[in-house]
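First comes the structure, then the notes that go with it.
The values are calculated or read from the model by the stated rules, or taken from the named source; none is laboratory data. Just so you know, these numbers come straight off a predicted model, no measurement behind them. Virtual Cβ from ideal backbone geometry, glycine too; neighbours counted across all protein chains shown. SASA here: full protein model, heavy atoms, side chains in, ligands and nucleic acids out. Shrake-Rupley method; radii C 1.70, N 1.55, O 1.52, S 1.80 Å.
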Amino acid sequence: MEKIKTLIIGSGPAGYTAAIYLSRANMAPVLYEGIQPGGQLTTTTLIENWPGYAEGIDANELMASMRKQAENLGAELRGGSITKVDLSARPFRVEAEGGVEIEAESLIIATGASAKYLGLESELKFRGQGVSACATCDGFFYRKRDVAVVGGGDTACEEATYLASLCRQVYMIVRKPFLRASQAMQQRVFDTPNIEVLFEHNTAEVLGDEMGVTGVKVRKTDGTERVLDVAGFFLAIGHHPNTDLFEGQLELDEEGYIRVEPGTSKTSVEGVFAAGDVKDPHYRQAIAAAGSGCMAALDCERFLRK
Ligand code: NDP
């Protein structure tokens with residue numbers, strides 16, 4: 001059984017930032033990168049809202065550089081996923097892919113969240129080529145063009161109004177005859193002249209060619225079909241936090257996000273800390289995740305020195 005001081009699970013901005021801080025504090029962190037090293041950011045292209053890069057930075061380059069920084073400072077980065085955790089006693093017992101068994105004095109969970117997709121074959125085909133689940137990340141590429149947003153919640157309304165400030169026309173594809181979003185958000189949508197809400201519509205197919213998305217075929221509940229000529233297709237139908245491993249062991253909210261003590265990264269189990277989207281249903285930004293990775297590392301370091 002391998003014994004370590006700190007185990008970090010997850011390799012997005014939260015996980016790597018925690019690794020950077022803990023390495024500098026001589027805590028010899030071990031980080032498991034999971035199935036998507038670099039996290040959600042690696043599904044996008046240019047990032048223009050990461051401070052410090054006046055011209056923007058390629059998302060994969062940014063994550064590769066964060067990874068290298070953590071490694072250079074002494075973090076041990078391992079491929080593969082954690083398959084089992086037992087948080088009932090300290091040290092925590094953890095199993096990694098391949099049957100590796102670890103005892104960790106402390107744990108930082110930075111497993112992120114995954115955007116929900118509709119599950120259409122055509123949607124998968126054009127992912128990253130016009131299909132996106134993040135308007136803040138990718139909206140800028142569709143300036144002065146037409147786009148569609150799927151969903152009727154607060155996120156969809158927020159993304160639609162954001163896109164409307166950049167794009168020529170925004171269609172909202174809403175499966176119900178009403179929006180689920182708060183009144184204030186709904187009003188913002190209805191007050192925006194270049195948003196058209198298509199109630200009782202579902203997406204039948206995303207259309208495109210070798211250059212990417214060229215349109216979307218939508219179907220109304222009465223069976224009528226229409227093709228929207230859009231260059232961007234944005235999903236805003238919710239996220240699910242990657243917390244299956246911790247169910248029943250850590251306090252989660254109704255949607256499965258890890259609950260932390262306000263203003264800290266401390267979870268309901270002493271010695272277990274959470275950072276990034278796995279505990280953040282609201283902001284979901286890389287820079288916020290990195291900041292919370294730093295908080296988790298500092299909380300963890302204090303815990304270990306106690
Ligand atoms: P929600 O779960 O609130 O909304 C999801 C939307 O997507 C609903 O309209 C839902 O339709 C629709 N949807 C779900 N699955 C499908 C599908 N397969 N096909 C078509 N449509 C689908 O998620 P949000 O991300 O919008 O919000 C999550 C939480 O975050 C909420 O509590 C929200 O209030 C909060 N939030 C708050 C913000 C703010 O205050 N500024 C900003 C963003 C989020 P249906 O209604 O039919 O189920």
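Per-structure values
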{"read-out": "PHE126 open to solvent by less than 40 Å² (accessible area, probe 1.4 Å), among the aromatic types (Phe, Trp, Tyr) and either touching a Gly at 6+ places or on another chain (Cβ under 6 Å) or at pLDDT 95 or above (or both)", "value": "yes"}
{"read-out": "Criterion (within 13 Å of the ligand (Cβ to nearest atom) and of a type outside the set (S, T, N, Q)) met by exactly one of LEU207, LEU228, LEU198", "value": "LEU198"}
{"read-out": "Identity of the residue in the stretch 251-262, of a type in the set (A, V, I, L, M) and open to solvent by 10 Å² or more (accessible area, probe 1.4 Å), that ends up farthest from HIS239 (Cα to Cα)", "value": "VAL260"}
{"read-out": "Evaluation of GLU103 against (1) farther than 23 Å from ALA289 by Cβ; (2) in contact with a Phe, Trp or Tyr (Cβ under 9 Å, 6 or more places away or on another chain); (3) surrounded by 17 or more Cβ atoms within 10 Å (Cβ to Cβ) (one fails), failing number", "value": "(3)"}
{"read-out": "Exclusive hit being without any contact (Cβ under 8 Å) to a residue 24 or more places away in the chain, away from the ligand (no atom under 13 Å from the Cβ) and open to solvent by 10 Å² or more (accessible area, probe 1.4 Å), set ASP191, ASP146", "value": "ASP191"}
{"read-out": "Of all residues in the stretch 263-286 being of a type in the set (Gly, Ala, Ser) and either open to solvent by less than 30 Å² (accessible area, probe 1.4 Å) or in contact (Cβ under 8 Å) with a residue 40 or more places away in the chain (or both), the one that is farthest from PHE303 (Cα to Cα)", "value": "ALA286"}
{"read-out": "Candidates VAL230, VAL189, VAL206, filtered to the one that is more than 23 Å from the chain's Cα centre (by Cα) and over 25 Å from GLN285 (Cα atoms)", "value": "VAL230"}
{"read-out": "Tabulated pairs, the stretch 1-30, first closer than 14 Å to ARG305 by Cα, second β-branched (Val, Ile, Thr) and open to solvent by 10 Å² or more (accessible area, probe 1.4 Å), C-beta under 9 angstrom, 6+ apart or interchain", "value": "ALA28/ILE4"}
{"read-out": "Enumeration of residues in the stretch 83-100 that are buried (at least 19 other Cβ atoms within 10 Å of the Cβ) and not in a strand (DSSP E or B)", "value": "LEU87"}
{"read-out": "Filter result for the condition that a residue is under 28 Å from GLY79 (Cα atoms), away from the ligand (no atom under 16 Å from the Cβ) and free of Cβ contacts under 8 Å to residues at least 60 places away in the same chain, over GLY128, GLY99, GLY119", "value": "GLY99"}
{"read-out": "Subset of the stretch 154-172 [open to solvent by 40 Å² or more (accessible area, probe 1.4 Å), near the ligand (Cβ under 9 Å from one of its atoms) and within 15 Å of CYS137 (Cβ to Cβ)]", "value": "THR155, GLU158"}
{"read-out": "Output for the stretch 173-190, where each listed residue is more than 14 Å from GLU158 (Cβ to Cβ) and charged (D, E, K, R)", "value": "ARG175, LYS176"}
{"read-out": "Test for GLU225: is it within 18 Å of ALA113 (Cα to Cα) and open to solvent by 60 Å² or more (accessible area, probe 1.4 Å)", "value": "no"}
{"read-out": "Filtered residues of the stretch 175-188 (kept if within 11 Å of the ligand (Cβ to nearest atom) and open to solvent by 30 Å² or more (accessible area, probe 1.4 Å))", "value": "ARG175, LYS176, PRO177, PHE178, ARG180, SER182, ALA184, ARG188"}
